[in-house]
Amino acid sequence: MEKPLDNSRRDFLKTGILTAAATAAGLGAIDALSKTESASSGEKVKLLAPDGQIVEVDKSDINHILPDFPVENHIREGVAGKKFVMVIDLSRCKNAGKCRKACSKMHYLPEGRSFVKIERMQDAETTAPYWMPMTCFHCDNPPCTKVCPVDATFKLTDGRVAIDNTRCIGCRFCMVACPYSARVFNWGDELLAMSKENLEGIKEHAACSSHVIGTVEKCDFCPHKAKNNELPDCVTACPNGVFYFGDELEDVVSNGDETVRLSELIKEKAGYRFLEELGTKPRVYYLPPANRQFPFKEMPLDSIR
Amino acid sequence: MKKYGFLWLKFVAVFLVASLASSRQGLQAQDEPAAVQAAIKLSFDTEDSVKMVTATVTKTDAEGKTIPAPEVELTFYAKKSFGLLPIGDAQTTDENGEAKVEFPRSLPGDRAGNVTVLAKFEDNEELGSMETMQTVKWGIPVQADEEINQRALWASGSNAPWPLVITVSAMVGGVWAVIIYILVLIFQIKKAASYEIKKQN
Amino acid sequence: MENEKNQDVRMKELLVDLMPKKFDRQGQIWVVFLVLVMGLGLFAYIRQLKHGLIVTDMRDYTSWGIYISNFVFFVAISLVGSLVSAILKLTNVPWRTPLVRISEIIAVSAILFAAIIIIVDMGRPERFWHLFVYGRIQSPILWDVIVITTYLTISVLLLYIPMLPDLAICRDSMVGVPKWRRKLYKMLALNWQGNKKQYAIMNRSIQILAVLIIPLAFSIHTVTSWLFATTYRAGWDSTNFGPYFISGAFMVGAGAVIAVMYVLRNHYRLEKYITHRHFDNMGKLLVLLSLVYLYFNINEYLVPAFKMKELEGAHLRELFSGHYAPMFWSVQIFGMCVPIVVLLFKKGRRPLPLFIISIMVVVGAWFKRFLIVTPTLLHPFIPIQNVPLSWTRYFPTWEEWAITSASLAGALLVITLFVRLFPIIPIWEVAEEQNISHELIIKPVQ
């Protein structure tokens, strides 16, 4: 009785394996074929264009290879004796977009991707719209560090919330936990690919070891500048003096031109924090868009200048 | 508003005086080519429990003697990490070359309370530009509190709040102790066989 | 005391009916189909490993997609193990006997693939070990890892220990099996002879595990719900999530058991053991669980709808009358309300209608989990601007569908292979119920 049983089992296995192999081969062929097709047309690569759309460009226009960055050895150490804080004056912002551009250049990001967002906010239909630049707020009660399972994002003594991209496992819990949508994820190469023109004007020293595929990143308050008492690029790039940056312990912030007492600035101009009621204790204050420097001008929201 | 009124007057006065002075000096300069050297000296005194910063501007006259430089507009700053924080309003030196400004009552300094005060004049017709710095221990000492080491939900894994650590450890420990016990029982089942199971063909 | 001969005859009958059987044509086609689906998923996963998560449709705003909703679905289904093996046992429900192993293997299989799909969702899966070396006890993800590991362990034990007598039966009474299977049964049977002491230890273990698994089951799905409820987002920032998820889990678990028991009953001709009475009672149980779930749904949706807070209102409008309305109402009506109505009638609790309803419940539950995860992400506190248009929507790519289907196929394959190797209805428990003495249940060669 044994032989017939064995045969049928062997047959079954044979058919099964052959089918599986055939399928795999077939799929592999499809995959290879699809590759050949693009190669013949001068190999195209996907890239995030300045206007925020995904476009296909010729591979020769891309420089995927980012320069060797000094890996942030002391990423878990804060700048001693300081507590960084930022003030953003909404009465001065007209969506010039220079902060976004400067941040992209500083962090080796394509122009369509930046750690600074400029949002068109309009609290209600009856209230006035205004432009609101948003960085990471480096909260003092950060929801993102609470949920990270591997201590890949953490709070430092200098007030910043930093990310260790060699530790991040890419679970993206911090992204859903952040109510300010401050974090971005390195889904794949095409979001980091920079065209040759983008790479012009990039400063050599810009340290950026955070572009690890499959990990998260965000505004870091430019510690490599701040520790040398230099203002982050978004602050200095703004032509309208919107961003103030400084040390809370010194109680002084500066926008490159004006240096003022932080507490006085907040008091005089009724500074507040975004979504204060969530209890996140952000380190970025906003000055309300009153007595505006510029009248509000509508601009298309899918373009980045 | 009164303050600004005086300031405006001061500017007018300074302008008039300076232009007169410079015209005289200009004549002098044409007469005798003398190199004018200027210097600013800072001193810190407390008058009636008000902290005052005094800057004395001096210059060298035709013979190279050091004399006070009046009518020089000075600005005072506290040197901070990312910029120069203005202290008080712009001051003009009096006939003794002195200008005083009140030091802010509650300005944070460093850990020891040091503040670096900077005084400078810019684009003075006679003296050009110059600045000088000096540290004074008039700032409020600042404690960079190491709250990072406190236990909190947002802190590192080794700084978890005690209630959480204890609760989780107790629950996990308890459940896994039971699981280990079950595994022991399984082992006992195996041992509870009263005879060997013979191999089947 | 019935005479031994009659008991022996009935025991042999049980063996004929309930011992694992070979796959017939249908079974083979089924297995090949599952393997193909898994193969396609594996191919898609290799693409994902090569290019990164960009092969999915997830982007910065919709950063969690069907991998996560599938994970929640699996965790939900896995609660059925505790429902039948533990809750029905501790409440001394007599008709649960044929269903315990079915529900336990569904539970083990589901929780296994929950763990697998979560690794698939990671951006850097090779760093999985970071969770164990660098884990932060404050993170809900770490709580989830702990409870899932613990629940899997206990479920495996609750599957294995009550199977010992049956493994002994397989070891002793199966003929014509290859050597590796004989070895497997022998090793797993742990020298089971069925003496008093072994039965005593086994029963004590089962009792302890049954008590232990109930709080574990509640923990596992509460903690999973906290992956969402510990955030501020509209639609997730709800204190109702724990009980809402658990009630949904028990419901979909019951549905899954009904579906599997129907298929097994028909395929293996088990009408004598899985009777109309079982369907009737599972139907009643499903109605009860669905009513509880309906109650929590009402709380979850109507209370915020009463207030219509700015962001939550926008989210609810999307569900009730907006882009997700067709899916939402289909799920609520066909996945919850229709089952309740149909199953309140005895005719609705007959095998075939009940089976159809159970499929509706399970499919509805899968889409319900999707509705819980992704629509919320499209209503962040700051408006979505200056991104590619595709980032304002989410529709899974073929890779995501392939991988998700592969995980479902994998879970079904584990169940299928289990049925092939081991008796799916506990022979010894049925024998015990039929008053066959322990000595006759297995007859080890002396």
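The values are calculated or read from the model by the stated rules, or taken from the named source; none is laboratory data. All values reported here derive from a predicted model rather than from experimental measurement. Neighbour counts run over all protein chains shown; Cβ positions are idealised from the backbone, glycine included. Quick note on the areas: whole protein, heavy atoms, side chains included, nothing else; ligands and nucleic acids left out. Shrake-Rupley method; radii C 1.70, N 1.55, O 1.52, S 1.80 Å.
For this structure, a couple of remarks:
- Rounded to the nearest 10 degrees, the angle from helix C:140-160 to the longest Cα principal axis of chain C is 20 degrees.
- Spin-label pair B:T135/C:E432, simplified geometry with 7 Å Cα→Cβ offset, distance in nm: 8.2
- Which listed pairs, of A:K94/A:K117; C:K22/C:K347; B:K41/B:K120; B:K190/C:K197, have C-alpha distances above 22 Å, in listed order: C:K22/C:K347
- Cα centroid separation, segment C:34-111 to segment C:233-281 (Å): 14
- B:F44 sits with roughly 40 Å² accessible to a 1.4 Å probe, with DNA, RNA and ligands left out of the calculation.
- Burial here means at least 40 square angstrom less accessible surface with every protein chain in place than with the chain by itself, probed at 1.4 Å; in segment C:9-46 the buried residues are C:K22, C:Q28, C:V32, C:L36, C:F43.
- Pairing chains A and B buries close to 1900 square angstrom of accessible surface in total, based on protein heavy atoms and a 1.4 angstrom probe.
- Compared with the direct C-alpha span, the chain from B:F187 to B:F44 gains 43.0 nm at full extension, assuming 0.36 nm per residue.
- Segment C:284-370: chymotrypsin sites (Phe, Trp or Tyr not before Pro) in DSSP loop, at most 14 other beta carbons within 10 Å: C:F345
- Difference of contour (0.36 nm per residue) and Cα-Cα distance, C:L90 to C:K183: 30.1 nm
- Label-to-label distance, nm, for residues given as C:V9 and C:T275 (7 Å Cα→Cβ offset): 2.0
- Helical content of the protein assembly as shown, expressed as a calculated mean residue ellipticity at 222 nm, amounts to -15500 deg cm²/dmol (DSSP H runs of 4 or more residues, -39,500 (n - 2.57) each, divided by residue number, nearest 500).
- Taking 7 Å steps out from each Cα toward its Cβ at B:K51 and B:V36 produces label points 3.3 nm apart.
- Unit charges on C-beta of K, R, D, E only; dipole of segment C:2-442, Debye: 760
- Accessible area in the full protein assembly, largest first, 1.4 Å probe, for C:D237, B:D45, C:D8, A:D233: C:D237, B:D45, C:D8, A:D233
- Over the protein assembly as shown - Rg/Rh using Cα atoms and the Kirkwood inverse-distance radius: 1.12
- Of the residues A:L192, B:F103, B:A69, the one whose Cα sits farthest toward the positive end of the charge dipole of the protein assembly as shown, with +1 on the Cβ of Lys and Arg and -1 on the Cβ of Asp and Glu, is A:L192.
- Convex hull volume of the Cα atoms of segment C:1-130, normalised per residue: 183 Å³.
- Column: log10 I(q)/I(0), Debye, Cα scatterers of segment B:50-150, q = 0.12, 0.15, 0.16, 0.17 Å⁻¹: -0.46, -0.65, -0.72, -0.79
- Two-site FRET efficiency, C:F320 against B:R111, from Cβ-Cβ distance with R₀ of 45 Å, rounded to 0.05: 0.15
- Close amide-amide hydrogen proximity is noted between A:T215 and A:N186, each under 5 Å apart and 5 or more residues distant or on a separate chain (H modeled in the peptide plane; Pro and chain starts excluded).
- Accessible area expressed per residue, segment C:2-442, with surrounding protein chains retained (probe 1.4 Å, Å²): 38
- Rg ratio (alpha-carbon, reference 2.2 N^0.38 Å) - chain C: 1.04
- Per residue, the average separation of C-alpha pairs within less than 8 Å and at least 6 apart gives segment C:159-219 a relative contact order of 40 percent.
- Accessible surface ranking that places the most exposed of C:E300, B:E126 first, with a 1.4 angstrom probe: B:E126, C:E300
- Relative contact order computed over segment C:1-109 (Cα-Cα under 8 Å; 6+ residues apart), in percent: 18
- Estimated FRET transfer efficiency (B:D61, B:D94; beta-carbon r; R0 30 Å; 0.05): 0.95
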